[in-house]
Every structure is written in structure tokens, then in C-alpha cells.
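The values are calculated or read from the model by the stated rules, or taken from the named source; none is laboratory data. Please read all numbers here as calculations on a predicted model, not as lab measurements. Because the Cβ atoms are built from the backbone with ideal geometry, glycine has one as well, and the counts that use them run over all protein chains shown.
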Amino acid sequence: MTRATPAMTRAALLILADGRFPAGGHAHSGGAEEAVTAGRVRDVADLEEFCRGRLHTAGLAAAGLAAAAAAGYDPLMLEEAADARTASPALRRTSRRLGRQLLRAARATWPCTDLDALAAALPRGAHQSVVLGLTARCAGLTPLDAAYAAAYESIGGPVTATVRLLRLDPFAATAVLARLAADIDRIAATAAEAAQRVHTDGPTALPAASAPLLDIAAEQHATRPARLFAS
């Protein structure tokens with residue numbers, strides 16, 4: 001496997017977590033659009049509560065899967081674990097769509113035989129969290145780094161989308177991310193610690209926090225004829 005040198009890893013994490021990295025996330029709201037449409041998110045305070053809930057459920061599950069992939073566990077095994085943690089068919093489709101785009105960007109940015117093998121094994125796409133973790137590994141990052149990237153991505157996208165949807169003050173919206181920084185720290189640490197136990201306990205060691213309202217909202221959003229974001 002081609003791996004980045006240690007000197008590259010700090011910059012690699014910044015690149016991977018940058019919203020300008022061409023992984024397709026700009027077209028998705030992480031459930032924020034449906035929450036806005038349903039009236040559950042109306043202002044910055046609502047956005048903060050939405051992000052906190054998403055971070056501690058879907059974000060935690062994604063961070064655990066990403067950390068495990070970065071630790072070198074079988075991505076096909078982790079694909080099954082991701083399916084088990086994604087009840088909504090719409091969210092499964094979204095995750096794999098984002099995974100395909102991320103894999104395409106990752107293979108161009110950090111050429112790696114492991115990424116090539118995943119693309120060959122799952123031509124229809126792998127879950128985004130699994131691809132993210134494997135990308136982190138190929139870029140020379142640690143499981144904790146991968147967990148941080150996944151946790152941040154789980155709320156960074158919704159914040160950016162909500163600024164557009166509600167015309168929120170971008171400074172106030174960015175402050176939401178800052179206020180959730182300690183939560184991101186805890187989520188990433190929990191996810192990385194869980195990934196360490198996969199070798200003894202299997203994928204059941206990974207977080208499986210559920211968010212039924214996000215699942216329901218994703219199915220509702222998928223049927224709307226007019227929408228700004230794909231999810």
C-alpha cells in the first residue's frame with residue numbers, strides 16, 4: 001500500500017476536512033433541509049440543537065466506522081456494519097453516493113492500492129464513512145484523525161446548508177461549530193477508542209447510536225419534488 005509520509009499528515013487532515021475538497025458534500029444538507037421545511041430548525045438556536053443531536057448519533061456512528069477503517073480493518077466487514085447502522089434506504093443511497101464521489105477524489109489526491117481495491121470490490125459505491133477512514137489511512141492519518149474528520153463533517157455540512165436555506169448570519173452559524181468543539185473532541189475520542197476494540201469484539205464494538213427522526217426525515221425528503229439539496 002502506498003502511504004503518505006508522517007510529515008504530510010497534518011496538512012492531509014486539513015485537506016480532507018476542508019469543505020472545498022471535491023467530495024460532493026456541498027450538494028447535501030445532512031437532513032437540515034427537511035428539518036427547515038418541517039419547521040424544526042428556524043434559527044441559530046434550533047440549528048445548534050439539531051447539530052448537537054446529529055453529532056451524538058449519526059456523527060458518532062460515522063466517526064466509529066471511519067476510525068475502524070483508518071485502523072486497517074476489512075472495509076467489506078465495515079460496509080456490513082455501516083448498513084446495520086443505517087436504517088433508512090434513502091440514507092444508504094446517499095451515503096454510497098457520497099462514498100463514490102469521495103473515493104474518486106481520494107484516488108486522485110492520495111493514490112493508494114487499498115482505495116483501488118475498494119473501488120473494484122464495490123463498483124456501486126461504499127459508505128462514505130468507510131471511504132473516509134480508508135482515505136485517512138492512505139493519507140497517513142490516524143484513526144483519531146479519521147474520527148475527527150467524520151465528526152466534523154457530520155455537522156459542518158448542515159451548518160453550511162442552513163445558512164443558505166434560512167439566510168442565517170454566517171458568523172453566528174460558524175459560532176455554532178465553535179460551541180460544539182468540545183463535543184467533537186469527545187465524539188472523536190469515543191469513536192477512536194471503540195475502533196481499538198474491534199480486533200477483540202468485532203464490529204459490534206463500534207457505536208450504533210440511532211436517530212429515528214433523521215431516518216424518517218430522509219425518507220420524506222427523498223419524495224419531495226422540489227428541493228435545494230439532494231439529502
**Request:** Kindly list, by first and then second residue, each pair from a residue in the range 171-188 that is modelled with pLDDT of 95 or more and part of a helix (DSSP H, G or I) to a residue that is of a type in the set (Phe, Trp, Tyr) and surrounded by 14 or more Cβ atoms within 10 Å (Cβ to Cβ), limited to pairs with Cβ atoms under 9 Å and residues at least 6 apart or on different chains.
**Result:** LEU177/TYR152; ILE184/TYR148; ILE184/TYR152; ASP185/TYR148; ILE187/TYR148; ALA188/TYR148; ALA188/TYR152
**Message:** For the range 191-231, give me each residue that is touching a Gly at 6+ places or on another chain (Cβ under 8 Å), more than 18 Å from ALA69 (Cβ to Cβ) and in a loop (DSSP other than H, G, I, E, B).
**Reply:** ALA211, SER231
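Which ones in the range 203-215 are over 16 Å from the mean Cα position of the chain (by Cα) and modelled with pLDDT under 95?
Within the range 203-215, PRO212, LEU213 qualify.
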**Item:** Qualifying positions in the range 153-173 - among the polar types (S, T, N, Q) and in contact with a helix residue (DSSP H, G or I) (Cβ under 7 Å, 6 or more places away or on another chain)
**Value:** SER154, THR162
**Request:** Identify the single condition in (1) within 18 Å of the chain's Cα centre (by Cα); (2) assigned to a helix (DSSP H, G or I); (3) in contact (Cβ under 8 Å) with a residue 60 or more places away in the chain that LEU115 does not satisfy, given that it satisfies every other one.
**Result:** (3)
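Restrict the check to the range 44-52 and report whether at least one residue is buried (at least 23 other Cβ atoms within 10 Å of the Cβ) and within 16 Å of the chain's Cα centre (by Cα).
yes
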**Fill in**
Restricted to the range 118-139 and to residues being under 26 Å from LEU55 (Cβ atoms) and not in a helix (DSSP H, G or I), the residue farthest from the chain's Cα centre (by Cα) is ALA139
**Prompt:** Which pairs do you get when a residue that is without any contact (Cβ under 8 Å) to a residue 40 or more places away in the chain and farther than 15 Å from GLU153 by Cβ, found in the range 81-110, comes within reach of a residue that is charged (D, E, K, R) and assigned to a helix (DSSP H, G or I), reach meaning Cβ atoms under 8 angstrom, with the pair 6+ apart or on two chains?
**Reply:** ARG92/ASP83; ARG107/ASP116
**Request:** Kindly check whether there is at least one residue in the range 173-196 that is small (Gly, Ala, Ser) and farther than 28 Å from ALA105 by Cα.
**Result:** yes
**Prompt:** Just a yes or no: is a residue in the range 154-167 free of Cβ contacts under 8 Å to residues at least 24 places away in the same chain, in a helix (DSSP H, G or I), of a type outside the set (A, V, I, L, M) and touching a Lys or Arg at 6+ places or on another chain (Cβ under 8 Å)?
**Reply:** no
